[in-house]
Amino acid sequence: MPGWLKNAVFYEIYPQSFYDTNGDGIGDFNGIIEKLDYIRELGCNALWINPCFDSPFKDAGYDVRDYKKVAPRYGTNDDLYRLFEEAHKKGIHILLDLVPGHTSEEHPWFRESQKAENNEYTNRYVWTDHPFAPIKGYPYIGGESERGGVYLLNFFKCQPALNYGFLNCEEKWQLPPDHPDCIATREAMKDVMRFWLDHGCDGFRVDMAASLVKNDDEAKSGTCALWRNIREMLDEEYPEAAMVSEWGDPVKALNSAGFHMDFYLNRRGNGYNTLMRDYETGEDNSFFKKDGKGDITRFLNEYLPDYAATKEHGYYCMLTCNHDTLRPKYNLDDRELKLAYAFLFTMPGVPYLYYGDEIGMRYQELPTKEGGYHRTGSRTPMQWNAEKNAGFSDGSAEDLYLPVDLSAGAPDVAAQEMDANSLLNTVKALLRLRQEEEDLQADAGFEVVYAESGKLPFVYRRGNLLLALNPSLETVTAAADVGNRTVRFSIGKGNAEDGMITMEPQSFLVLK
Ligand code: NOJ
């Protein structure tokens, strides 16, 4: 396990929208370099950068045309190497986004694979042996190649699936995962990883990590075996490199596949969803809403068994949001966000903060851009200050990758830096607290002290610290063995005496 994950706090950067230094309206590597001090002062010491590779951008870069070359719109490979170097000087690690499940339909491997005559890439993608035969259970495309077959898709039409084999082969065109051509795909992905690790990157966020071996079983044993093989390579050659999976099933991802971290992804009705995003069914019963209708046991019932099963193997990752999800400001106001972040940043594992969530950037209703659809509204330019284009770019407004939120009350970094009570300053204080208290970091224990369905507060222990949360507008109390403690940190007011914790409306308390 890379030791640096112990106190890591990640900042996710959507490179298109972070900071533009050459006035073309789109963010760039030099922009990230210029903002490294901001990221450090915020309290983050690691970055995940969304795909920044050469691409036709039909899925915002998740359609890679060349794994080893950056997209010119962000700069050059040398600029990215310099970003690694400058970040390391400031104690910041960087994960790139690895997209192993599919390439762009414009990738040279795919162009070769489409040819009628056999070549090295014939089996690099999944093809049937007849131009009219459908693929059962998977999306596919026919009629676009010289080759007499249809090919399997991993996501959008532009993203043909790479071939890592089928665990249970049911057709003669399906190859087993240990077929030399499927192993060649895996080895090609290792080659991509080595390329970036050798140039200074610190690991990868892995796109659709569960999707590689097809016709996999319930336990995902084919896909897990493949990742374990990759983990062996890392342990041997790059023991400090870190991998986080977009899987959302920590028992499989951490225990079986060997990932160091797994995202707690938002899925309707799952534990994470009940915390901040429980609005898809009509009524919003998210735990952090001030009307206090949430129920922390809905989260705990899912989280506790998975946490117990995985904590010796790797880290659960709590997210404020990501580029695929509506920003948390969509349904939570700043006060609610402060309490939600207080929780996310004091949980075990490794937290991820999506750029702009530290100031409560809003979700924008926008037409789709580069395959974003409803996700586009969470990908708008970072709001740095009240100047032109919110300080994101010197370019003209029409040239911006996406419009900046210029509507009344739009938050920005400069204004929030001046306001001691701002969301930004609360995030900084919370992250400082996490850095100062080892008991709040990845490995320290987590125990529930008081959590009752329909009741508040929620009281939990991290190592020797006792923490209490009351998201509601009522003053609430709970019996808890508080011992002899002092207040280490608070949002709002709470106090603890005579075996009782009393939490005033919308408060968070850390007792030491
Ligand atoms: C998950 C990524 O987060 C998303 O943005 C992308 O569209 C799909 N995978 C396909 O790569």
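The values are calculated or read from the model by the stated rules, or taken from the named source; none is laboratory data. Here the structure is a predicted model, which is why all the values come from computation and not from measurement. Cβ coordinates were reconstructed from backbone atoms using ideal geometry, including for glycine residues, and neighbour counts include every protein chain displayed. In case anyone asks, the SASA skips ligands and DNA or RNA and just uses the protein heavy atoms, side chains included. Shrake-Rupley method; radii C 1.70, N 1.55, O 1.52, S 1.80 Å.
Counting only other residues whose beta carbon sits under 14 Å from that of Thr122, what net charge do I get with K and R as +1, D and E as -1?
So the surrounding residues net to -2.
Name the long-range amide H neighbours of Lys369: under 5 Å, sequence gap of 5 or more, or other chain; modelled H, no Pro or chain starts.
Long-range HN contacts for Lys369: Thr376.
Extension gain Asp217-Glu170, at 0.36 nm per residue separation less the Cα-Cα distance, in nm?
Contour length minus Cα-Cα distance gives 15.6 nm.
Would you pull out the residues with amide H under 5 Å of Ile94's amide H, same chain only if 5 or more places away, H placed 1.01 Å from N?
Here the answer is Leu47, Asp202, since their amide H atoms fall under 5 Å of that of Ile94.
About the Cα centre of region 185-292, how large is the charge dipole given +1 on each Lys and Arg Cβ and -1 on each Asp and Glu Cβ? Please answer in debye to the nearest 20.
The dipole of region 185-292 has a size of about 220 debye.
Applying the Karplus parametrisation 6.51 cos²θ - 1.76 cosθ + 1.60 with θ = phi - 60° to the phi angles of region 179-189, what ³J(HN,Hα) value in whole Hz is obtained for each residue in order, glycine and proline being reported as x?
Couplings: 5, x, 6, 6, 5, 4, 5, 4, 5, 5, 5 Hz.
Using a ≥ b ≥ c from the Cα gyration tensor of region 24-166 (square roots of the eigenvalues), is it rounded, prolate or oblate, where a/c under 1.5 gives rounded and otherwise the larger of a/b and b/c decides, a/b for prolate?
prolate
Quick one: work out the % antiparallel among DSSP beta bridges in the chain, nearest 5.
Roughly 60 percent of the DSSP beta bridges within the chain come out antiparallel.
Quick one: accessible area per residue over the chain, 1.4 Å probe, rounded to a whole number of Å²?
Normalised by residue count, the accessible surface of the chain is 37 Å².
Label region 424-475 by shape, choosing from rounded, prolate and oblate, from the square roots a ≥ b ≥ c of the eigenvalues of the Cα gyration tensor; if a/c is under 1.5 it is rounded, and otherwise prolate applies when a/b is larger than b/c, oblate when it is not.
Since a/c reaches 1.5 but b/c is at least a/b, the shape of region 424-475 is classed as oblate.
Please list log₁₀ I(q)/I(0) at q = 0.15, 0.16, 0.23, 0.26 Å⁻¹ for region 351-406, using the Debye equation with identical point scatterers on the alpha-carbon positions.
-0.43, -0.49, -0.95, -1.12
Under the classification rounded if a/c is under 1.5, otherwise prolate if a/b is larger than b/c and oblate if not, where does region 110-189 fall, given a ≥ b ≥ c as square roots of the Cα gyration tensor eigenvalues?
It is rounded, given that a/c, with a ≥ b ≥ c, falls under 1.5.
Cα axis of helix 221-237 to longest principal axis of the chain: angle in degrees, 0 to 90, nearest 10?
The answer is roughly 80 degrees.
If Glu358, Glu86 are ordered by their accessible area, calculated over protein heavy atoms with a 1.4 Å probe, which sequence runs from highest to lowest?
Glu86, Glu358
Have a look at Leu440, Leu254, Ile94 and report the one farthest towards the positive end of the charge dipole of the chain, computed about the Cα centre with Cβ charges (Lys/Arg +1, Asp/Glu -1).
Leu440
Starting from 0 in steps of 10 Å, tell me what percent of the Cα-Cα pairs of region 226-307 lands in each bin.
18, 37, 23, 16, 6, 0
Each label point is 7 Å from the Cα along the Cα-to-Cβ direction; what then is the distance between the points at Tyr279 and Lys157, in nm?
Placing both labels 7 Å along Cα→Cβ, they lie 3.2 nm apart.
What are the ³J(HN,Hα) couplings of region 254-265, residue after residue, when phi is run through the Karplus curve with 6.51, -1.76, 1.60 and θ = phi - 60°? Round to Hz, x for glycine and proline.
Working through the residues one at a time gives 8, 7, 9, 8, x, 5, 7, 9, 9, 6, 7, 7 Hz.
For region 74-145 and region 347-403, compute the distance between their C-alpha centroids and round to whole Å.
Result: 27 Å between the Cα centres.
What is the sum of charges around Asp24, taking Lys and Arg as +1, Asp and Glu as -1, for the other residues whose C-beta is under 10 Å from the C-beta of Asp24?
-3
Quick one: in region 292-331, what % of C-alpha pairs are over 14 Å apart?
Above the 14 Å cut-off, region 292-331 has 64 percent of its Cα pairs.
How large is the translational diffusion coefficient of region 397-512 in µm² per second when you combine the Kirkwood radius over alpha carbon pairs with Stokes-Einstein at 20 °C and 1.002 mPa s?
Calculated translational D: 132 µm²/s.
Using unit Cβ charges (K, R positive; D, E negative) and no other charged atoms, how large, in debye to the nearest 20, is the dipole of region 394-512 about its Cα centre?
For this selection, approximately 580 debye.
From the phi of every residue in region 164-174, what ³J(HN,Hα) in whole Hz does the Karplus formula 6.51 cos²θ - 1.76 cosθ + 1.60 yield, where θ is phi - 60° and glycine or proline is x?
Rounded to whole hertz, the list is 10, x, 10, 5, 10, 7, 10, 10, 6, 7, 7.
What residues qualify as long-range amide H neighbours of Tyr67, i.e. H under 5 Å apart, gap of 5 or more or another chain, H built at 1.01 Å from N?
none
As a quick test, which of the pairs Lys290/Lys369; Lys190/Lys214; Lys157/Lys214; Lys68/Lys252 have an alpha carbon distance above 26 angstrom in this structure?
Exceeds cut-off: Lys290/Lys369; Lys68/Lys252.
Along the charge dipole of region 84-207, pointing to its positive end and built from +1/-1 on Cβ of Lys, Arg, Asp and Glu, which listed residue (Gly148, Tyr138, Leu175) has its Cα farthest out?
Looking along the dipole axis, the top candidate is Tyr138.
Let me spell out the model: positive unit charges on the Cβ of Lys and Arg, negative unit charges on the Cβ of Asp and Glu, origin at the Cα centre of the chain. What dipole size does that give, in debye rounded to 20?
Around 720 debye, computed over the chain.
How large a share of the accessible area of the chain, in percent, is made up of carbon and sulfur atoms when the probe is 1.4 Å and the other protein chains stay in place?
47
Nearest 10 degrees, 0 to 90: what angle lies between the long axis of helix 77-89 and the longest principal axis of the chain (Cα atoms)?
For helix 77-89, the angle is close to 30 degrees.
Projected area of region 207-349, taken from the Cα convex hull and averaged over every viewing direction, in nm²?
That works out to 9.4 nm², a quarter of the Cα hull's surface.
How long are the semi-axes of the equivalent ellipsoid of region 326-365, taking √(5λ) for every eigenvalue λ of the Cα gyration tensor, in whole Å from largest down?
Here the semi-axes work out to 19, 12, 7 Å.
Kirkwood Rh over alpha-carbon pairs of region 289-382, then Stokes-Einstein at 10 °C and 1.306 mPa s: what D in µm² s⁻¹, rounded to an integer?
107
Could you give the radius of gyration (one decimal) and Dmax (whole number) of the Cα atoms in the chain, in Å?
23.5, 81
Kindly provide log₁₀ I(q)/I(0) values, in the same order as q = 0.11, 0.18, 0.23 Å⁻¹, from the Debye equation applied to equal alpha-carbon scatterers of region 444-512.
-0.21, -0.57, -0.95
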